[in-house]
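Before any comments, here is the structure.
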Amino acid sequence: MLQAWALTGIPEITAGADLVRVIADAADGALADGDILVVTSKIVSKAEGRMLAADDREDAITAETARPVASRVTPNGFTTRIVQNRLGIVSAAAGVDASNTPEGTILLLPVDPDASARSLAGGLRTLLGVEVGVIVSDTLGRAWREGQTDSAIGAGGVHVFEDLRGQTDAEGRPLIVTMPCVADEIAAAGDLVKGKAARLPVAVVRGRADLVGALDLPGARTIVRSLENDMFRLGADEAYAEGFAAGKAAGTSTGSGNVSDR
């Protein structure tokens, strides 16, 4: 049976806060071997001092961007930028966030969410004597679906995939490509009990102790699809413009004004 609940009593987090101690105090002895904690990236960023003045937002997005994917001007005149950030994550505004932060400030994502998750998991294991895993989560949109859901951007002591390839389904047929991203599923489960405005930044998910393991398990960075395997590396408009420009250049280089003479 899967259980999930949010930890209460976590105060506002400021730079330098000891998140291991804060989470341990909020858990109040309730954690057990095999529990997985889902920790919102916001409190990790706050503890790591990743806060900036809000008037630096556009510059911060640019600085956090590894490559642009798509941009659109909204009906109210704002430009939404979808980019791949320095962590490899494709998201709006490179993950730069202005929600649940003090007035006039913005938050950048943690420098290394996997390292942050490993540090939290290791610290809690040492302090409490229980073998827990940690997922650092953030809210992301989806390319083909409306709305957002929480996903894993960092993982420590947790298997991020459940590799079912080579097994059989209920009808005995072999599973060829089935590899659920359980880290994202657990992050979403945690979000159901944390909420977005309830100031409950940490959830405990119990019932999948089989996913908890060594601290040096591959982290959430391995979830990010490599560029060469990304079939949708650009937005539709950007891909069209790039293809049009390439076709025009090819036609010009052959001395013809047309891409095709047929």
Compute the long axis of helix 236-253 from its Cα atoms, compare it with the longest principal axis of the Cα atoms of the chain, and write down the angle in degrees, 0 to 90, nearest 10.
30 degrees
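Rounded to the nearest 500, what is the chain's calculated 222 nm mean residue ellipticity when only DSSP H runs of at least 4 contribute -39500 (n - 2.57) each, over all residues?
On the way: 6 runs with 71 residues, N = 262.
My calculation for the chain gives -8500 deg cm²/dmol from helical runs alone.
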Crossing angle, helix 113-128 versus the chain [Cα axis fit, 0-90 degrees, rounded to tens]
10 degrees
Using only the alpha carbon atoms of the chain, find the Kirkwood hydrodynamic radius as the inverse mean reciprocal pair distance, in angstroms to one decimal.
20.3 Å
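Using a Förster radius of 30 Å, what is the FRET efficiency between Ser71 and Thr222 based on their Cβ-Cβ separation? Nearest 0.05, please.
On the way: r = 28 Å, r/R0 = 0.93.
So, using R0 = 30 Å, E works out to roughly 0.60.
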Extend 7 Å from the Cα of Leu2 along its Cα-to-C-beta direction; within region 134-152, residues with backbone N under 14 Å of that point are 150-152
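Find out how many positive minus negative residues lie around Arg81, taking Lys and Arg as positive, Asp and Glu as negative, among other residues whose Cβ is under 13 Å from that of Arg81. Could the numbers behind the result be given before it?
Working: positive: Arg57, Arg67, Arg72; negative: Glu58, Asp59, Glu64, Glu238.
Net charge around Arg81: -1.
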Which Cα, out of Pro68, Ser91, Gln148, lies furthest along the positive dipole direction of the chain (beta carbon charges, K/R +1, D/E -1)?
Pro68
How much of Arg233 can a 1.4 Å solvent probe reach, expressed as accessible area in Å² and rounded to 10?
90 Å²
Just order 59-66, 10-17 by mean Cβ neighbour count inside 10 Å, highest at the front, would you?
59-66, 10-17
Within region 84-121: backbone nitrogen closer than 18 Å to the Arg233 label point (7 Å, Cα to C-beta):
84-91
Helix 182-194: inclination vs the chain longest Cα principal axis, degrees, rounded to 10, gives 70 degrees
Point-charge dipole on Cβ atoms (K/R +1, D/E -1) for the chain, about Cα centre, debye to 20
380 debye
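Carbon-plus-sulfur fraction of the accessible area of the chain, 1.4 Å probe, in percent? Don't jump to the answer; show the numbers that get you there.
On the way: 7830 of 14450 Å².
About 54 percent, which is the carbon plus sulfur part of the accessible surface.
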For a quick protection proxy, order the peptides 128-140, 205-217, 70-82 by their average other-Cβ count within 10 Å, most packed first.
128-140, 205-217, 70-82
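Heavy-atom accessible area per residue, the chain, 1.4 Å probe: how many Å²?
On the way: 14450 Å² over 262 residues.
Per residue, the chain has 55 Å² of solvent-accessible surface.
Cross-chain or 8 or more residues apart, Cα under 22 Å: how many lysine pairs in the chain fit that? Count them up, please. Don't skip to the end; give the middle numbers.
Values: Lys42/Lys194; Lys42/Lys196; Lys46/Lys194; Lys46/Lys196.
Lysine pairs, 8 or more places apart or on different chains, close enough: 4.
The values are calculated or read from the model by the stated rules, or taken from the named source; none is laboratory data. In this text the structure is predicted, and so the values were computed from the model without any measurement. Glycine gets a Cβ as well: all are built from the backbone with ideal geometry, and neighbour counts include every protein chain shown. Side chains included, ligands, DNA and RNA excluded: accessible areas come from the protein's heavy atoms. Shrake-Rupley method; radii C 1.70, N 1.55, O 1.52, S 1.80 Å.
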